[in-house]
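Novice: Next up is a structure, given as structure tokens.
What follows is calculated from the coordinates using simple rules that are stated; it is not laboratory data. Quick caveat: nothing in here was measured; it's all calculated off a predicted structure.
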Amino acid sequence: MVLAELGRSLGVDGKTVGRYLDLLVDLLLVRRLPPLLANVGKRLVRSPKVLVRDSGLVHTVLGLGDADAVLGHPVAGASWEGFVIETLLAVAPQGCGGWFYRTAAGRSSTWCSSGRRSGAGRSTSNAASAPAWARAFIRPSPTSNPSKRSW
């Protein structure tokens, strides 16, 4: 998310948008997921990913009353991703943190680690009407260098 762009579209300064975002994080309404910065030769996305923590709140504010309305709305993918990440972090052991990894080309996954960022577990969440195994889940990215893969 580029705060300056969002600020311009709202008619306010980017720093103001940043302060509002900080407030939403402090109120536990959104989660700022930091990037996993691996030392690789690829161009990586380094800005944090912002996710709404309560997908039900998003659906209510947008007036999406049933599953068909949610699946037909452009927010379905982001809503699903936020729900999956919040669920994984809720059941993760104490001290686990979440990160995301995304190249400039768009290849991405989400990570959960206990304490250190090495030895992280990897999760890819995509909303689809016909779910299938994602290539990123079956075959690890050569740039992510996971130490262990668990199913």
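Novice: Please list 3J(HN,Hα) in residue order for the range 7-13, calculated via the Karplus relation 6.51 cos²θ - 1.76 cosθ + 1.60 where θ = phi - 60°; whole Hz, with x for glycine and proline.
Specialist: x, 4, 5, 8, x, 10, 6
Novice: Karplus couplings for the range 24-37 from phi (6.51 cos²θ - 1.76 cosθ + 1.60, θ = phi - 60°), rounded to Hz, Gly and Pro as x?
Specialist: For the range 24-37, the Karplus-derived couplings read 5, 5, 5, 7, 6, 8, 10, 10, 9, 8, x, x, 7, 9 Hz, x marking Gly and Pro.
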